[in-house]
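Novice: Sharing a structure, written as structure tokens. Questions coming.
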Amino acid sequence: MRKTAPGAGAIGFMLVIVIAIAAATMTKAAFAAPPAPNGGFVWKDGPEVYTKVCGYCHEQGVGPVIRGRALPPVYIRNVVRNGSRAMPSFRIAEIDDESLTKLAEYISAN
Ligand code: HEC
């Protein structure tokens, strides 16, 4: 008697390998960090940037108090991007736009 589908076993084996590779690749992609918009650095949220960057001066009396003054977010963003006299400017690679927007809203509201 002749076999009707010679090599079916081999094809099945290859399929298993292909599926295994695809699954491994997808798992890797699922755990990879989300791509940063603008190719910049992405902060968790406004309070994190404030504590780790701004607080260094603004909580230590080096810079004036900026929280609790309801400073307009657009003004805060301008000062951060362009600097202002003794205040250094921060580039997009240091604080990306989205993080800066969240930061400015946080400072303005708190
Ligand atoms: C290296 C110290 C330093 C760091 C870090 C810093 N600042 Fe400043 N900032 C200053 C100083 C000093 C001034 C006062 C500038 C002046 O008028 O000479 C200032 C002024 C400001 C002002 C204007 C305040 C006003 O009364 O009009 C804002 C807004 C501000 N900073 C926001 C920020 C934010 C937001 C961050 C974090 C991303 C930050 N700064 C990080 C030193 C710093």
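Novice: At a 10 angstrom cut-off on C-beta neighbours, averaged per residue, how do the peptides 68-80, 43-55 rank from highest to lowest?
Specialist: Put in order of decreasing packing, that is 43-55, 68-80.
Novice: Quick one: grab Rg to one decimal and Dmax as a whole number for the stretch 38-109, Cα atoms only, in Å.
Specialist: My reading of the Cα-based Rg and Dmax gives 11.1, 33 Å.
Novice: Work out how much length Asp97 to Glu59 would gain on full extension: take 0.36 nm times their residue separation and subtract the Cα-Cα distance, in nm to one decimal.
Specialist: 11.4 nm
Novice: Computed FRET efficiency, Cβ-Cβ of Val74 and Thr51, R0 25 Å: what is it to the nearest 0.05?
Specialist: Working: r = 22 Å, r/R0 = 0.89.
For Val74 and Thr51, the calculated efficiency is 0.65.
Novice: For Val42, what is the net charge nearby, where nearby means another residue's Cβ is under 15 Å from its Cβ and Lys, Arg count +1, Asp, Glu -1?
Specialist: Here the count lands on -2.
Novice: Taking the Cβ of Gly83 as the centre, find all other residues whose Cβ is under 13 Å away and add up their charges (Lys, Arg: +1; Asp, Glu: -1).
Specialist: So the surrounding residues net to +3.
Read the figures in this text as sums done on the coordinates, not as results from a lab. Bear in mind that the values here come from a model prediction, so they are computed numbers and not experimental data. All Cβ positions, even for glycine, are placed from backbone atoms using ideal geometry, and neighbour counts span all protein chains on display.
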